[in-house]
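Shown next, in structure tokens, is the structure this report addresses.
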Amino acid sequence: MKKLKDIALPEFEQNGPSFVTASRLSAEDKEFVFIRQARVRIIMGVCIFALVLFLLISRLAEISMFRTPRVFTPMPSNVAKYRADIVDRNGELLATNLDTYSLYADPKEVWDAVASTEALTAAFPDLDAAIVEGLLNEDKQFVWIKRNLTPRERQAAFALGLPELGFRIEPRRVYPRGRLAAHILGHTDRDLIGIAGAEKAFDAELRQVETQVKYLSLDMRAQFILEDELRAGMEKYKADAASGIVLNVKNGEILALASMPDYDANQPGAEMPDNLLNRASMQPYELGSTFKPVTMALAYETGVVAKGEKLPVQNKLVVRKKSIRDDHPSPVALGIWDVLAKSSNKGSAIIALRAGREKQEDLLGRLGLLSRVPFELHESAAPILPQEWQNLTTATIAYGHGINVTPLALSVATATLLNGGYYIEPTILKRPEGGLYPKRRAVSPEISRTIVDMMRYVVTDGTGGNADISGYEVMGKTGTAEKFIDGAYVTNRLVTSFSAAFPHRDPNYLVFIVYDEPKAAADTYGFAGAGWNAARTAGAVVERIAPILGVSRTTKLAEVEAKSASIGGGR
Amino acid sequence: MSVHPYRRSTLGRINRIGWAFLMLVGLALIVVLFFIKTRALEARAEVRQLQRVLDASQASVKMLEVEIAHLESPARIRQLSESYLDLHPVDAERVLTMDEAASSFAKEKPAPDNSAGEP
């Protein structure tokens, strides 16, 4: 038996300290021992209880005050990536985001990969069975099966009832107008990163939540009309490609820009890669005689043609052993206005040769024809300039050969000649009325006014008659260029173009049309020149967009009545 | 005077009562906090639910906007107008300004009939 220690018993304290040994007391104090042991056990129990209570309270306190419970999120990517809408100048929706469901699988949960593959490929016939089976056998916990499902596809995936399948919400960029303005809008990749057009140009801005909506300068109606006419023209004239631009010459806003063949921005991968090329701003052409207004401005600026002087275009013109010829040979000498109206290459070459290379190069530079067009899109090609600028080069550039520029570049240069002489940087963004924008003087207002009158003369008395739309005072210039292939110009492979502007009294809009290798049609009498195709298309575009753009006609009422009577109330 | 050997002192009793009281107060505070936290969680869940409803509504609105944009597409309207109404783009000659139209009606105004009442 364990020996007890000696203890002092308080009951004897009154009689002075007196100690007895435990052994002497053990027999009669067994009860006391039991009590003492019980007391120890009680204290231990209380301690344990207190400890447990303390732990519980601590845990309760932690949970109550400090811990935020985890939220069960079956679709962790529910937080949609933000990308602002793109609208036209009138607020018409052109690009936006829609939430779609994407199907994924957890291969760790797959019981029978072959059976799951069969079920998936039966529900989604476009899936490749070998690829799906390979994905389901991967040593991962997440593989994409099919992204951006339609509601019907999502329901089909639900109906499979496979435990390894799951959905995630993913935003998808949607272009509700389909092909409309596809080359301007561009498109994004699957992760909503802009990779072409405005989507790429304004990518960072569109991803900022502060950007609610991005206004473009485009007018959806003008864009549709331009595309509609170009598509019809391409079909009618069997052209390989076409492009067109509608430009506000006073503030540089691009109201429409189209390139054919085009593509559906919702499915850019389904199109031929060639269709993605924006020919209006990325394809440099030798655009031919649509360059001649520049040469006319050079003539007036340098004063190399005397007032009333007739240029000897009826004579043979040879420069560095190369003979320059006219498509519409004149038997007599022509004044400068007729040089433009009859589109005389010889006359233009004579003017350029008289002015000289330096002055020609200087003017081209001021009109922005020696560098890429400075606008927002990355799709803007630099011109292809002559390696050696000889006399022959000066002569050929006068009528648009020997230098390759994009249709947009020549549009902006022509707009400069028509708007009072200011080079205005073009834009695809809506410019506020009365706002400031980059512009610089390129030619004098007097020269600009003269070119305006000369281009009107081309339509009323020259090669641009097919673009003359009654009441809208269309000005213009045709351009028919042979393509330079394998070191030689090919006579039956043409690039035709027409730059039209209206109205003559106060030029406001420019329409530029280009056809790549058009052919003669039934009503062109075997011709495939610009006057028979590009000019007609430009006229048709002007006729349809002018009322939309608020340009009033100048036709007198009597003229209208007479016309109505003569057509008997036709369409 | 005899003193019970296990009698606790008054100070000790107050101490124990104080501790017990403090523990009770602490426990009560924690329970209250727990309920407040629970209410806060419920409120948060409600906010989340409302947010989900809002998101769903916004998605529906976006979908409707896209549908409207699709339905208003010029190509579609052109096709429908040609199919059902036989409408085509108007010729420039048939476009009149309001002034021209007004002057046209003015011309058609009948002249006063001075023969009225004559036999």
Output the 0 to 90 degree angle, nearest 10, between the alpha-carbon long axis of helix A:345-355 and the longest principal axis computed from the alpha carbons of chain A. 80
Using the Cα centre as the reference, give the magnitude of the dipole from point charges on the C-beta atoms of segment A:76-215 (Lys, Arg: +1; Asp, Glu: -1; all else neutral), rounded to the nearest 20 debye. 620
Can you give the charge dipole size of the protein assembly as shown about its Cα centre, rounded to the nearest 20 debye, using +1 on the beta carbon of Lys and Arg and -1 on the beta carbon of Asp and Glu? 2900
How many partner chain Cβ atoms sit within 10 Å of a residue's Cβ in peptide A:383-394, on average, as a whole number? 0
Using packing as a proxy for protection, rank A:235-243, A:540-548 so that the peptide with the highest average count of other Cβ atoms within 10 Å comes first. A:540-548, A:235-243
Computed ³J(HN,Hα) along segment A:153-163: with the Karplus parameters 6.51/-1.76/1.60, θ = phi - 60°, integer Hz and x for glycine or proline, the list is 5, 5, 5, 5, 5, 4, 5, 5, x, 7, x
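Applying a 10 Å radius around every beta-carbon, put A:306-316, A:497-507 in order of their mean neighbour count, most first.
Details: A:306-316: 13.3, A:497-507: 25.1.
My ranking of the peptides, most packed first, is A:497-507, A:306-316.
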Put +1 on the Cβ of each Lys and Arg and -1 on the Cβ of each Asp and Glu in the protein assembly as shown; which of A:Ile545, A:Gly479, A:Ala265 then has its Cα farthest toward the positive end of the dipole? A:Ala265
Compute the Cα gyration tensor for segment A:224-564, then decide on rounded, prolate or oblate, letting a ≥ b ≥ c be the square roots of its eigenvalues: rounded whenever a/c is under 1.5, prolate when a/b is larger than b/c in the other cases, and oblate in all that remain. rounded
Counting only protein heavy atoms and leaving out ligands, DNA and RNA, the solvent-accessible surface of B:His88 at a 1.4 Å probe, in Å² to the nearest 10, equals 90
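In what sequence, highest mean first, do A:218-227, B:15-24, A:266-275 appear when ranked by Cβ atoms within 10 angstrom?
Ranked by mean Cβ neighbours within 10 Å, highest first: A:218-227, A:266-275, B:15-24.
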Could you list the square roots of 5 times each eigenvalue of the Cα gyration tensor of chain A, that is, the equivalent ellipsoid semi-axes, sorted largest first and rounded to whole Å? 85, 28, 23
Averaged over peptide B:32-41, how many Cβ atoms belonging to another chain are found within 10 Å of each residue's Cβ? 3
Residues with amide H under 5 Å of A:Asn148's amide H, sequence separation 5 or more or different chain, H placed in the peptide plane at 1.01 Å from N; which? A:Ser102, A:Leu103
For segment A:76-215, alpha-carbon Rg over 2.2 N^0.38 Å: 1.25
Counted charge near A:Lys359, where neighbours are those whose Cβ lies closer than 14 Å (Asp, Glu -1; Lys, Arg +1): -1
Using the charge dipole of segment A:76-215 (Lys, Arg: +1 at Cβ; Asp, Glu: -1 at Cβ; taken about the Cα centre), state which of A:Val132, A:Val87, A:Ala196 has its Cα farthest towards the positive end. A:Val87
Calculate how steeply helix A:30-61 sits against the longest principal axis of the alpha-carbon atoms of chain A, using the helix alpha-carbon long axis, and give the answer as 0 to 90 degrees to the nearest 10. 10
Give A:Lys81/A:Lys214; A:Lys238/A:Lys342; A:Lys238/A:Lys346; A:Lys292/A:Lys359; A:Lys321/A:Lys346; A:Lys316/A:Lys483 a once-over and call out the pairs whose C-alpha atoms are over 21 Å from each other. A:Lys238/A:Lys342; A:Lys238/A:Lys346; A:Lys316/A:Lys483
Relative to chain A, whose Cα atoms define the longest principal axis, helix A:407-418 and its Cα axis are tilted in degrees, nearest 10, by 60
With the Cα gyration tensor of segment A:155-224 giving a ≥ b ≥ c as the square roots of its eigenvalues, does the rule (a/c under 1.5 for rounded; else a/b larger than b/c for prolate; else oblate) give rounded, prolate or oblate? prolate
Semi-axes of the equivalent ellipsoid for segment A:106-175, please: Cα gyration tensor eigenvalues, times 5, square-rooted, ordered largest first, whole Å. 20, 14, 12
Using only the Cα atoms of segment A:439-527, build the gyration tensor, take square roots of its eigenvalues as a ≥ b ≥ c, and label the shape rounded, prolate or oblate: rounded if a/c is under 1.5, else prolate if a/b is larger than b/c, else oblate. oblate
Which residue, chosen from B:Gly26, A:Leu60, A:Asn278, occupies the Cα position most advanced towards the positive end of the dipole of the protein assembly as shown, where the dipole is computed from +1 (Lys, Arg) and -1 (Asp, Glu) charges on Cβ about the Cα centre? B:Gly26
Put a dot 7 Å past each Cα toward the Cβ at A:Gln208 and A:Asn391; how far apart are the dots in nm? 5.7
Amide H proximity to A:Asp327 below 5 Å, modelled H, separation 5+ or other chain, gives A:Asn345
Karplus ³J(HN,Hα) for segment A:234-246 (6.51 cos²θ - 1.76 cosθ + 1.60, θ = phi - 60°; Hz, whole; x = Gly/Pro) runs 4, 5, 5, 9, 6, 7, 6, 7, 7, 8, x, 9, 10
With only alpha-carbon atoms in the gyration tensor, what are the semi-axes of the equivalent ellipsoid for segment B:13-107, in Å, largest first? 79, 18, 7
Taking every residue in B:71-78, how many Cβ atoms of other protein chains lie within 10 Å of its Cβ, on average? 5
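The values are calculated or read from the model by the stated rules, or taken from the named source; none is laboratory data. Everything quoted here is computed from the prediction, not taken from an experiment. As a convention, Cβ positions derive from the backbone with ideal geometry for all residues, glycine included, and neighbour counts pool all protein chains shown. Quick note on the areas: whole protein, heavy atoms, side chains included, nothing else; ligands and nucleic acids left out. Shrake-Rupley method; radii C 1.70, N 1.55, O 1.52, S 1.80 Å.
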